[in-house]
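**Q** Would you mind keeping the following structure in view while I ask a few things?
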Amino acid sequence: MSVSTTSDASSLSSILGLCIEDHEVEKANLALIVDRYKESFTSLPQGKGWLGETLYLYQGYWYPSITFISIATVMALQDTFQAKPTDIYLVTQPKSGTTWIKALAFAIVNRTRYNNKCLVTHPLLTINPHDCVPFIENEILRSKPTYMDENSTRLFATHMPYNSLPQSILDSGCRLVYMCRNPKDVLVSMFHFVNKLKGDFSHDVLKLEDAFEKFSKGIGSCYPYWDHVKGYYKASLEHPTRILFLTYENMKMDTANNVKRLADFIGYPFTKEEEDNGVVQEIVSLCSFKSLSDVNKHGKIVSGVPSHAFFREGEVEDWKKHLTKEMTHILDEITKEKFHGLDISF
Ligand code: PAP
């Protein structure tokens, strides 16, 4: 069977703007990894992704073969990634609040580094959260992993489902924070994101009906949505000290208390003095949609995606402005069935 990686790769690279120089090494390393695992994934079931790319079904989830979130990187991570007990992993499905949780965790973990100095120097006032906290899917493509300081806590993100995580993450005893979001808002957010990327490179526009069909059938990078959420939810009940389960909606409703909860869980609790001095509120403001979207109006993140593409509305229930009654009904029914017996609400 032939792999359609070459044509997929060129169209998707242009959509994502992956041809920038900084990204050349990662592209070359991705090509090597794809080559190494080609034999293993070409015989898997195939589908078409939201950008028209080929997807492969692996361990119950769909992945493309040519972006850094790819079937080959998942396989390579499973074979080679070494977690440390002190690592912290921020886990999301795309469009569930990745950028926000990266910013919050980064600000919490590094607060003493920057707070003694002027707040103006804080990296989140100039750098996109995606460039502050790397995805492990991207890290393994770097010849020299970007992780800042060998001795400090390693803060990583991943979109990988629980059942596919590298064994070393499960065995190391490290902590994972999972953030999920209402599926209807995830669908709408992804729909706009894909069209933003396509629009920037004048590809055909994705129709909402097509996005809805793919989403509800569980087709898309790291989907099915529901299985991903369920996997981490159940794991968080089994391992409550290792996995914290958060929702975007709850974080929006009460950001300060969730920030404190997050800080406690990852081992960076706020002192009474910090609380009295308003440090929690400073972090909430620094990582707010308004602050981050203002900082990220221009430029691109390292992987080549425009920085502003990660900020649109930042609201709960924006889906109400987009989905038809029928779409809403179908998604609600699927969610009811898939989450039956689980205490997951948005
Ligand atoms: P990613 O997984 O591709 O990194 P992710 O950050 O999860 O994307 O999703 C982007 C969504 O988070 C956008 O939602 P929307 O399309 O419904 O508007 C974006 O606006 C929202 N978002 C980004 N930063 C924040 C923030 N600081 N607070 C709240 N929402 C945010």
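**Q** Would you pick out the residues in the stretch 298-315 that are loosely packed, with under 15 Cβ neighbours inside 10 Å and either away from the ligand (no atom under 13 Å from the Cβ) or in a helix (DSSP H, G or I) (or both)?
**A** Scanning the stretch 298-315 gives H298, G299.
**Q** It is to be established whether one or more residues within the stretch 181-188 are within 15 Å of the ligand (Cβ to nearest atom), within 23 Å of T54 (Cβ to Cβ) and crowded, with 17+ Cβ neighbours inside 10 Å.
**A** The answer is yes, given that some residue of the stretch 181-188 is within 15 Å of the ligand (Cβ to nearest atom), within 23 Å of T54 (Cβ to Cβ) and crowded, with 17+ Cβ neighbours inside 10 Å.
**Q** Restricting to helices (runs of 4 or more DSSP H) lying wholly in the stretch 223-291: which have 3 or more residues that are aliphatic (A, V, I, L, M), open to solvent by less than 10 Å² (accessible area, probe 1.4 Å) and in contact (Cβ under 8 Å) with a residue 60 or more places away in the chain?
**A** Numbers: elements: 225-238, 248-253, 255-265, 272-276, 279-286.
Per the criteria, 255-265.
**Q** Of L342, L244, which residue is touching a Ser or Thr at 6+ places or on another chain (Cβ under 9 Å) and more than 16 Å from the ligand (Cβ to nearest atom)?
**A** L244
**Q** Also: Kindly provide the set of residues from the stretch 190-221 that are on the phi > 0 side of the Ramachandran plot and surrounded by fewer than 21 Cβ atoms within 10 Å (Cβ to Cβ), ordered by number.
**A** S202, G218
**Q** Here's a follow-up. Answer yes or no: is there a residue in the stretch 316-336 that is surrounded by 13 or more Cβ atoms within 10 Å (Cβ to Cβ), within 8 Å of the ligand (Cβ to nearest atom) and within 13 Å of D185 (Cβ to Cβ).
**A** yes
**Q** Follow-up. Among the helices (runs of 4 or more DSSP H) confined wholly to the stretch 95-166, which include 3 or more residues that are among the hydrophobic types (A, V, I, L, M, F, W, C), modelled with pLDDT of 90 or more and under 29 Å from H192 (Cβ atoms)?
**A** So the answer is 98-109.
**Q** Can you tell me how many residues in the stretch 50-72 are surrounded by 22 or more Cβ atoms within 10 Å (Cβ to Cβ), more than 16 Å from the ligand (Cβ to nearest atom) and more than 14 Å from P224 (Cβ to Cβ)?
**A** 5
**Q** May I ask you to verify whether K338 is at pLDDT below 95, under 24 Å from the mean Cα position of the chain (by Cα) and of a type outside the set (V, I, T)?
**A** no
**Q** Another question, if that's okay. Report yes if some residue within the stretch 18-37 is surrounded by fewer than 20 Cβ atoms within 10 Å (Cβ to Cβ), within 16 Å of the ligand (Cβ to nearest atom) and over 30 Å from M251 (Cα atoms); otherwise report no.
**A** So far as the stretch 18-37 goes, no, none of its residues is surrounded by fewer than 20 Cβ atoms within 10 Å (Cβ to Cβ), within 16 Å of the ligand (Cβ to nearest atom) and over 30 Å from M251 (Cα atoms).
**Q** Looking at the stretch 268-291 only, could you name the residues that are out of contact with any Gly (no Cβ under 9 Å at 6 or more places or on another chain) and either within 16 Å of the ligand (Cβ to nearest atom) or at pLDDT below 95 (or both)? Break it down into steps so the answer makes sense when it comes.
**A** Start the filter on the stretch 268-291 by keeping residues that are out of contact with any Gly (no Cβ under 9 Å at 6 or more places or on another chain), which leaves 268-287, 291.
Selection gives V280, Q281, E282, I283, V284, S285, L286, C287, S291.
The values are calculated or read from the model by the stated rules, or taken from the named source; none is laboratory data. Small disclaimer: the values here were computed from a predicted structure and weren't measured. Neighbour counts run over all protein chains shown; Cβ positions are idealised from the backbone, glycine included. Accessible surface areas use protein heavy atoms only, side chains included; no ligands, DNA or RNA. Shrake-Rupley method; radii C 1.70, N 1.55, O 1.52, S 1.80 Å.
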